[in-house]
């Protein structure tokens, strides 16, 4: 079992080889929604709990976290306890496709997810079943996730996720069909001249058409050192 800090003096997370590990995508997504006015939020597919813990650590917010993997749910519970957040983050092991049985309709101001990036059968998976669940759509599709978000988010509430640029058109079409209007988009690039390798998207349930495209998030300067914004997100001097 490996223990890591999200940033110096910040939340601590245990990581396991049987659960999808901490990555920059979850940290960047938590920062992307950090300024939203939210009292109650849900993390679909929580993994080791990075998003839920990061948000609860920095905001006065009540979080629910859901994962289909018992190993992931147990690890998130351990990480919640490790950071003294037991009273503010509740973890459920369950299938998001059964969201109507697990949670109340329209209960959340924000639903957030770092979902599987790759379609099932694409060949872009992992060697272990547990990690593969988090990488490709073998247990839930993009449509399943958006359907759950549309049911669970209150009218006017937000759905936010980190995703792959090559699936952006599919994502927008799926969100709009479910009644979630894409409202904010930010590309993530390693360097200024690099092609985007991630997208951060916020949609509004029942929102009017109108998409705000924010300046790209550049992770590193041309010399390879952390950008000013990455230093801010990771609380680095």
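Filter the range 115-134 down to the residues that are under 15 Å from residue 69 (Cα atoms) and in contact with a helix residue (DSSP H, G or I) (Cβ under 7 Å, 6 or more places away or on another chain), then identify the one that is modelled with the lowest pLDDT.
Step by step, filter the range 115-134, then rank; the result is 130.
Among (1) closer than 25 Å to residue 178 by Cβ; (2) surrounded by 14 or more Cβ atoms within 10 Å (Cβ to Cβ); (3) modelled with pLDDT of 95 or more, there is one condition residue 80 misses while meeting the rest; what is its number?
(1)
Tally up the residues in the range 170-193 that are farther than 22 Å from residue 206 by Cβ and assigned to a helix (DSSP H, G or I), please.
Counting residues in the range 170-193 that are farther than 22 Å from residue 206 by Cβ and assigned to a helix (DSSP H, G or I) gives 0.
Sort out which residues of the range 8-32 are within 17 Å of residue 236 (Cα to Cα) and more than 18 Å from the chain's Cα centre (by Cα), and write them in order of number.
Selection gives 8, 9, 10.
Looking at (1) touching a residue at least 24 places away in the same chain (Cβ under 8 Å); (2) over 27 Å from residue 236 (Cα atoms); (3) assigned to a loop (DSSP other than H, G, I, E, B), can you tell me which one residue 100 breaks?
(3)
Please report, ordered by residue number, the helices (runs of 4 or more DSSP H) entirely within the range 1-90 with at least 3 residues that are farther than 23 Å from residue 199 by Cα.
70-82
Which of the residues belonging to the range 205-237 are touching a residue at least 60 places away in the same chain (Cβ under 8 Å) and under 20 Å from residue 162 (Cα atoms)?
217, 219, 233, 234
The values are calculated or read from the model by the stated rules, or taken from the named source; none is laboratory data. If you're wondering where the values come from, they're calculated on a predicted model, not measured in any experiment. Methodologically, a virtual Cβ is constructed for each residue, glycine included, from the backbone with ideal geometry; neighbour enumeration extends over all protein chains shown.
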